[in-house]
Amino acid sequence: MIYPPTFEQKIGFDRLREQVAALCTMRAARGLLAAEGFTTSAREIVRRLSLADEMRLLLEMNPDFPGGDYPDMDHVVAKLRVEGAFLDVEEVVTLRRALAMVGQLVAFIGARGQQYPALYDLTRGVEAFPAIVQRIDAIIDPFCAVRDGASPELAEIRRAIRERQAAKRLQQVLAAAKSAGIVDADAQLSVRDGKTVIPVSAANKRKLNGFIHDESATGRTFYVEPVEVVELNNELRELEYAERREIVRILTEFTETVRPDAELIAASGDYLAEVDMLRAKGRWASANGCVKPIVSTDDRLVLKDARHPLLQQTLRAQGREIVPLNMQLDKRKRILVISGPNAGGKSVCLKTTGIVQYMFQCGFPVPASEVSELPVFRSLFIDIGDEQSIDDDLSTYSSHLRNMKHMLAGASERTLVLIDEFGSGTEPVIGGAIAEAILERLLERGCYGVITTHYANIKYYASNTEGIANGAMMFDVQQIRPLFREYTGIELTDDELALLRSSRNYTEADYMKVANSVNMVSSIARIVTSRTHFGFLSGSHTAEDVFLAAYHPEGDLPVGRNTNTEIHAYMADLLGLERPLAELTGELFAPHTEVFRGAKCSISAAEGQTPCLTVRKGRRTLRVPAYGSVAYLDGKPLKLRSAVVYI
């Protein structure tokens, strides 16, 4: 199942398919490409991938592969199937070109069967009909005309036509008329109504015996067919009719001889169309660095050096290099939550994952390393972009909720969900609570997913929940630019570990559990100190206060107060939530505050100085400026990572 119906447009696959279709030379090949859609059959995926990848290798290693335009012959086969119909000369030429190309392909691939087993299996049993090709060569010349020797009767007719050509006699009449002064000295033969005529002035038109066929616009010139050639022209016309009848007889006889093989010829045409489609896939794959990945047998999704092909093309045109994506999902970590700065590449990561998986299940070589592993999913869901609609009475957020409802209804352990800006589009606390509840439900269903978000509660939920991996897009705070690299998991420095150990007896598992919370203190400082209306820019507050102020839209309002019960009920019903939304909202910040429970936080914003967040727990103190790359642990400078992970 693919949802929504615009899935291909959202990930860019429609433009990719158009590029491949443009490389097909046959209309039938483009039809095959359009029909070769998403499949959940591992065997069919392997078959398609093997054929496309072998064609890619064949084209790269053999520049003498039979090329050029491959002719469509479906209309030829359709005519063969109609009793009494005959192929015209153009159709016979098309049939000859197609069968000759099939013969070249069968011979070329057959000689390399061990190197390209999938292509060899496709080619085996295909009939090229060399006898039909020879028969066509006997009746059609290289200039696509019926040969004189196609039959004795045709040869005799054409000999008679040549003997009765009236051109020589006309030249004699014209020369005599010039000598007699009847026509101008520079007069030339002309053609009117299919007749060869001599131009004569109006004064002399009676002096040349013949039939007048036309006159000039001024009436000064008349076009006369001399009587001497009228009889010859009549005989010529009868011979031309006889020639046409004989050609039709020859073509009809030929058609009748090949009609019994119509179905086998159709199969050869289908083979030619499939090779043309595979050739287009192979050429596109070579141009975009696409290969056949490993089909995962243990439900791992491993992307190595994955790129979005459309972005890669755009950057290549600008002389820039794309930053490849490396990520892994497996049974232990099925869902990846990615955060990061705006324009940092989160959506590109999501689209790259989507298009690589979709290409794989459509049988296309993928833009990634050949050691990448991809499982076979039964369903692919995506929620990206704004789908608000006046016609459907959908706001931005209600369109997201509708998509979430479809995802929850269809989610299973064989589902890949791709959600961009998870929970956005509404009031942050409510949106974050709903997003967390949806994430919990998706995890229960066992589905795989890549989710991007700016909400800290989603990051904390991911940090404290089995089955979810935390990731982030890196940002270089020194150069003030995104690095477009996805980073999974947060590691603690020695100083950060020391701070944790002095405050509480953490186990090794605890270190990774609270890593995100410690590392995002500087982000909290940026948020809190930028909100001057909170009313507590000085003094001492609990960590719970700081988190609520940083992430609650009203700053000083307790969570759960002033909420609209009807809106909560509507959203809970739309999403199919079993628990009231108010309860979920009330639990929103619980995972956040646990890490710093018992610690005291103070915020200083002295005039002329950088606002600073201070966290005190036990005898240790950590001061983090809202901006900059240096924090202070017990007065000792602590250099923050050059690439800060934004939550």
J(HN,Hα) series, region 279-288, from Karplus relation 6.51 cos²θ - 1.76 cosθ + 1.60, nearest Hz, glycine and proline x | 4, 5, 4, x, 5, 5, 4, 5, 5, 10
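Given 0.36 nm per residue, what is the gain on full extension from Ala409 to Glu321 after removing their alpha carbon distance, in nm?
On the way: separation 88, 0.36 × 88 = 31.68 nm, distance 4.02 nm.
Computed gain between Ala409 and Glu321 is 27.7 nm.
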Quick one: which residues, 5+ away or cross-chain, put their amide H under 5 Å from the amide H of Glu421? H built at 1.01 Å from N.
-> Thr452, Thr453
Rg(Cα)/(2.2 N^0.38 Å) for region 183-316, N = residue count | 2.40
Two-decimal Rg/Rh across region 276-326, once Rg and the Kirkwood Rh are taken from alpha-carbon atoms | 1.05
Rounded to whole Hz and in sequence order, give me ³J(HN,Hα) for region 143-159 from the Karplus expression 6.51 cos²θ - 1.76 cosθ + 1.60, θ = phi - 60°, writing x for Gly and Pro.
-> 9, 6, 10, 5, 5, 4, x, 4, 7, x, 5, 5, 4, 5, 4, 5, 4
Checked region 238-357 against the a/c 1.5 cut and the a/b vs b/c comparison, axes a ≥ b ≥ c from its Cα gyration tensor; verdict prolate
Taking amide H positions as placed in the peptide plane 1.01 Å from N, state which residues far from Cys290 in sequence (5 or more) or on other chains have amide H under 5 Å from it.
-> none
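Using 29 Å as the Cα-Cα cut-off, could you pick out the over-long pairs in Lys292/Lys333; Lys304/Lys459; Lys79/Lys292; Lys331/Lys351; Lys10/Lys405; Lys281/Lys351? If you can, show how the numbers build up before the last one.
Working: Lys292/Lys333 25 Å; Lys304/Lys459 24 Å; Lys79/Lys292 40 Å; Lys331/Lys351 22 Å; Lys10/Lys405 19 Å; Lys281/Lys351 21 Å.
Too far apart for the 29 Å limit: Lys79/Lys292.
Mind pulling up the Rg/Rh value for region 10-115? Radius of gyration and Kirkwood radius, both on Cα.
On the way: Rg = 16.9 Å, Rh = 16.5 Å.
Rg divided by Rh gives 1.03.
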With N set to the residue count of region 75-226, report its C-alpha Rg divided by 2.2 N^0.38 Å to two decimal places.
-> 1.84
Rg and Dmax of region 343-386, Cα atoms, in Å?
-> 11.6, 35
Residue-wise HN-Hα coupling along region 368-380, computed from phi with Karplus coefficients 6.51, -1.76, 1.60 (Hz; x: Gly, Pro) | 7, 5, 5, 8, 5, 10, 10, x, 9, 9, 8, 9, 10
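Taken together, the values in this text are just the output of simple stated rules run on the coordinates, not laboratory data. From a predicted model like this one, the values you see are computed outputs, not experimental measurements.
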